[in-house]
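The values are calculated or read from the model by the stated rules, or taken from the named source; none is laboratory data. The structure presented is a predicted model; accordingly, all values stated were derived computationally and were not measured. All accessible areas refer to the heavy atoms of the entire protein, side chains included, with ligands and DNA or RNA removed. Shrake-Rupley method; radii C 1.70, N 1.55, O 1.52, S 1.80 Å.
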Amino acid sequence: MVERVDISSEERKSNSFVEQLIEEDLANGKNGGRIQTRFPPEPNGYIHIGHAKAICMDFGAAEKYGGICNLRFDDTNPSKEDTEYVDSIMEDIKWLGFHWANVYYASDYFQQLWDLAVWMIKQGLAYIDEQTSEQMAAQKGTPTTPGTESPYRHRPVEENLELFNKMNTPEAVEGSMVLRAKLDMSNPNMHFRDPVIYRIIHTPHHRTGTKWHAYPMYDFAHGQSDFFEGVTHSICTLEFVPHRPLYDKLVDFLKEYKGETDNLHDNRPRQIEFNRLNLTYTVMSKRKLHTLVDEHLVSGWDDPRMPTVCGMRRRGYSAQSIRNFIKSIGYTKFDALNDYALLEAAVRDDLNARACRVSAVLDPVKLIITNYPEGQTEELEAVNNPENEADGSHTITFSRSLWIEREDFMEDAPKKFFRMTPGKEVRLKNAYIIKCTGCKKDESGKVVEIYAEYDPESKSGMEGANRKVKGTLHWVSTNHCMPAEVRIYDRLFMVENPSADERDFHELLNPNSLCVLKNCYVENYLAEKKPGEFLQFQRIGYFTPDLDSTPDKLIFNKTVGLKDSWAKMNK
């Protein structure tokens, strides 16, 4: 037996309702004080941040109460599933920082599920229906009006058994027949009105090949798989609330089939439902995410604009920031639309303590320090992270010729412009105070060079060099930097809740969700940085090297800005 974990009264107050229900079961000695959960994804796509919320609860609750959490793939529909998705799901769970006790598949239980279905047929609890799906749907009725029975509902047991065996042959025609549970066509819960529990699919299965041609439906396989594995708490999202009575009923059939009729309502998986995670300006529908990928509207499942875990990882989100965000929004019994800005705030807060501060110029214009000796350079110390002294520092090179941001210069500036303008002083980060003396323009009037003089006694860290100036600019030395491509990401959709919008979701896509800057410069120190490392481009935002980045072509993804610019732009 797993040792009981005592939870303090203070911790109890902060617990989610899901954890409170688990604690009630522990207090009542249910399941012998054992806690076992599972995360059961279907391997038909890459997991997104909505799945991450379930992962945090399934694995987190097991960890908190001294239990175990298993990973089980719901691989009951081979026409949509692939080992690619299995591998990606496992990678994403590990990246989020969780570890499963065992890996299972619904396909592990295909024979046991088949045997249970045969037993149900023999008990008069299931029958083969040869109607079309449209005919069956028409007979279901409505929540307030009873359904009508299928003309095949009372066919003989032997005929049902013969047809069920035929379903599992290569000759069976997909859609020609299904196996339905014989329950209650007048039950107000529509899921009880003789649900389909087996259908024909001839697509080879990624694990079992062509051994099976008839596959169990999710509702039939899910609760039974939980029972086979000894799951104590089946934690899922709110859309499964109406499925719960069917879940329990099918587990009852399984217990009766196995002869375990004593204590029918004890030692059964307890289904608990919580709200889904929905984010503004994105979609969580796997069908729509598949469409985005299949139609090349994004670069792939790991496109940094996607809500997938791998997309967020590629964008530069930390695993801890995602977990912190999920913890902050909590678990409730009602659905809500969470502001994407809350996720970005969690990312920003976490990266502030992690990111290495570096210099990058995204829209460069040349600055010449006219009184700095030609050919002279200086190695200056730059602190890697002022939030963590242990991160140390690195050196940057200062010289006569620098790149600065074009927007940091204005020839005819308003009074409150505290950056570079003729006649005024600014400090160059980690270096000197300079005074702008003028600029040079091309034939079109575009500024191509800016001129300034430096104060040799104003070097950062130099004794007596602390006189105040109102502006501080970042820079890189033109002869001691590397060219880079920088990818700036915005919301994938233009409307706040694209899932609720009745228009074709293609019309809702933001045409400016990706902006690629080709002519950027970064300090040489960044050449050694790898994807997954966290960087702060000073005064700009947080970035990370992209998976496409190479030593010969540096590419960086913008993770999030230093401030929430979206809210300001969309007031």
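Converting phi to 3J(HN,Hα) with the Karplus coefficients 6.51, -1.76 and 1.60 and the offset θ = phi - 60°, the range 523-534 yields 5, 4, 4, 6, 4, 8, 7, 10, x, x, 7, 9 Hz in sequence order, with x at every glycine or proline. What the chain shows is 46 Å² of accessible area per residue, with the surface traced by a 1.4 Å probe over protein heavy atoms. Computed over protein heavy atoms with a 1.4 angstrom probe, the accessible surface ordering of Y85, Y451, Y127, largest first, is Y451, Y85, Y127.
Using C-alpha pairs under 8 Å with a sequence gap of at least 6, the mean separation divided by the residue count of the range 288-332 gives a relative contact order of 19 percent.
A probe of 1.4 angstrom, applied to the heavy atoms of all protein chains, finds D87 with accessible area near 100 square angstrom. For K440, the aspartates and glutamates whose Cα comes closer than 18 Å to its Cα, not counting residues fewer than 8 places off in the same chain, are D363, E405, E407, D408, E411, D412, E449, E453. Using a 1.4 Å probe on the protein heavy atoms, what percent of the accessible area of the chain belongs to carbon and sulfur? Heavy-atom surface of the chain belonging to carbon and sulfur, 1.4 Å probe: 48 percent.
Using a Cα distance threshold of under 30 Å, what count of lysine pairs results for the range 195-292 when pairs must be 8 or more residues apart or interchain?
Working: K211/K249; K211/K255; K211/K258; K211/K286; K249/K258; K249/K286.
Lysine pairs satisfying the spacing and distance rule in the range 195-292 number 6.
Using a ≥ b ≥ c from the Cα gyration tensor of the range 355-428 (square roots of the eigenvalues), is it rounded, prolate or oblate, where a/c under 1.5 gives rounded and otherwise the larger of a/b and b/c decides, a/b for prolate? Here the range 355-428 falls in the oblate category.
From the cross-link list K366/K518; K415/K470; K468/K558; K530/K558; K140/K182; K435/K459, which pairs have alpha carbons spaced over 20 Å apart?
Details: K366/K518 17 Å; K415/K470 12 Å; K468/K558 32 Å; K530/K558 14 Å; K140/K182 13 Å; K435/K459 14 Å.
Table pairs above 20 Å Cα-Cα are K468/K558.
Return the label of the correct value of semi-axes √(5λ) of the Cα gyration tensor in Å, as calculated from the structure shown, out of (i) 44, 43, 21; (ii) 61, 26, 20; (iii) 38, 30, 21. Among (i) 44, 43, 21; (ii) 61, 26, 20; (iii) 38, 30, 21, the one calculated here is (ii). Remark: accessible surface ordering of E344, E174 (largest first) is E174, E344, probe radius 1.4 Å.
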